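J.: Would you mind keeping the following structure in view while I ask a few things?
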Amino acid sequence: MTTPATRLLIHGASGRMGHTLLRLCRDEPAPGCTVVAAVSRRVAQRVVDGVPQFSAHEIAGVPPFDVAIDFSLPAGLETVATLCAARSAGLVSGTTGLDDAQRQSLEAASRRVPVIWAANFSIGAAVLADLVARAAPALHGWDCDIVEQHHVHKRDAPSGTALSLGKAAESGGAIPRHASLRAGDIVGEHTVQFATAGERIELIHRATSRDVFARGAIAAASRLHGRAPGHYALRDLLFDPA
Ligand code: NAD
């Protein structure tokens, strides 16, 4: 049986992540994945590399698609979540800095279509969270500090990844504190430090290229296509051989 092709909508297409996604889909197309439309807040050119471009106001006019990959800003999330629900299309979102209402729009969509949201689509960051959750219970009473660094344009702080790492630490009984640095063009660096008198453990993940997030999101999109409605976890999709 052949798997049907996955028609992708890229939401947040003119941004740093949007450019990365479109470049990877053009230069190393995942088998069976094709980009059918790109949406940005504003549009300068109608077609780029054969992909039709839509502004946020024109989103209702995008052609049929199977999964939207959203790396935009929180203000754009509700619109794409509603569109996915209306079109029976899956949603892969990596947009961070969401408030409660925006998180609820993801939950509402997940009752009608398959949805995955992750603060970090790299495999290394998923493994780091796992290591933190396993270390924390063994380091009861140690100080736990999460330090993240990103480029100067990043708006939310602490990063979504740092907050997810904080939850992983809390699940093991730690009480994490957060610190954020915004400098230069740093793609993303997260350090989780456990310290007590006389010793210290540092667990570090460094992303040096946005390609790792984009590859994870594209892989998640092709694995989300055709699934039942629900809110999926990254590990279920990326580590599930199905
Ligand atoms: P960016 O500012 O470079 O790009 C934002 C994009 O969103 C632009 O194309 C802009 O036109 C579009 N946009 C803004 N408001 C919109 C709206 N109302 N409707 C539709 N489109 C809108 O940002 P970026 O660096 O590409 O990051 C995008 C998001 O992805 C951020 O929230 C960032 O924290 C997050 N991010 C997540 C991961 C991950 O793995 N989960 C990795 C990197 C970045």
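The rows are residues; the columns are (1) out of contact with any helix residue (DSSP H, G or I) (no Cβ under 7 Å at 6 or more places or on another chain); (2) β-branched (Val, Ile, Thr).
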residue: 123; (1), (2): no, yes
residue: 129; (1), (2): no, no
residue: 156; (1), (2): yes, no
residue: 168; (1), (2): no, no
residue: 187; (1), (2): yes, yes
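J.: Taking the residues in the range 1-29 that are within 18 Å of the chain's Cα centre (by Cα) and not in a helix (DSSP H, G or I) as candidates, determine which candidate is surrounded by the most Cβ atoms within 10 Å (Cβ to Cβ).
T.: Filtering first and then ranking leaves 11.
J.: May I ask you to list pairs of residues, at least six apart or on different chains, whose Cβ atoms are under 6 Å apart, with the first in the range 11-23 being more than 11 Å from residue 69 (Cα to Cα) and the second being more than 6 Å from the ligand (Cβ to nearest atom) and open to solvent by less than 10 Å² (accessible area, probe 1.4 Å)?
T.: Partner pairs satisfying both residue conditions: 20/214.
To keep it simple, each residue is scored yes or no on (1) within 12 Å of the ligand (Cβ to nearest atom); (2) at pLDDT 95 or above; (3) within 27 Å of residue 105 (Cα to Cα).
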| residue | (1), (2), (3) |
| --- | --- |
| 162 | yes, yes, yes |
| 172 | no, yes, no |
| 188 | yes, yes, yes |
| 229 | no, yes, yes |
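J.: Sticking with this one: Output the residues belonging to the range 92-142 that are charged (D, E, K, R) and over 25 Å from residue 9 (Cβ atoms).
T.: 100, 130, 134
J.: Of 227, 215, which residue is on the phi < 0 side of the Ramachandran plot and more than 16 Å from the chain's Cα centre (by Cα)?
T.: Selected residue: 227, the only one of 227, 215 that is on the phi < 0 side of the Ramachandran plot and more than 16 Å from the chain's Cα centre (by Cα).
Okay, residues lined up against (1) more than 30 Å from residue 25 (Cβ to Cβ); (2) among the charged types (D, E, K, R); (3) within 12 Å of the ligand (Cβ to nearest atom):
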{"site": "178", "(1), (2), (3)": "yes, no, no"}
{"site": "181", "(1), (2), (3)": "yes, no, no"}
{"site": "185", "(1), (2), (3)": "no, yes, yes"}
{"site": "191", "(1), (2), (3)": "yes, no, no"}
{"site": "194", "(1), (2), (3)": "yes, no, no"}
{"site": "197", "(1), (2), (3)": "yes, no, no"}
{"site": "202", "(1), (2), (3)": "yes, yes, no"}
{"site": "205", "(1), (2), (3)": "no, no, yes"}
{"site": "213", "(1), (2), (3)": "no, no, yes"}
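J.: Being in a helix (DSSP H, G or I), near the ligand (Cβ under 9 Å from one of its atoms) and open to solvent by 10 Å² or more (accessible area, probe 1.4 Å) is the filter here, so list the residues in the range 79-110 that pass it.
T.: 79, the sole residue that qualifies.
J.: Looking at (1) open to solvent by less than 30 Å² (accessible area, probe 1.4 Å); (2) part of a helix (DSSP H, G or I); (3) not hydroxyl-bearing (Ser, Thr, Tyr), can you tell me which one residue 68 breaks?
T.: Every listed condition holds for residue 68 apart from (2).
J.: Residues that are of a type outside the set (S, T, N, Q), open to solvent by less than 10 Å² (accessible area, probe 1.4 Å) and more than 20 Å from the chain's Cα centre (by Cα): does the range 55-65 have at least one?
T.: The answer is yes; a qualifying residue exists.
J.: Please go through the range 20-34 and give me each residue that is under 25 Å from residue 82 (Cβ atoms) and out of contact with any Phe, Trp or Tyr (no Cβ under 9 Å at 6 or more places or on another chain), ordered by number.
T.: 22, 25, 33, 34
The values are calculated or read from the model by the stated rules, or taken from the named source; none is laboratory data. Since the model is a prediction, treat every value here as computed from it, not as a measurement. Cβ: placed from backbone, ideal geometry, glycine included. Neighbour counts: every protein chain shown. With ligands, DNA and RNA removed, areas are computed over all heavy atoms of the protein, side chains included. Shrake-Rupley method; radii C 1.70, N 1.55, O 1.52, S 1.80 Å.
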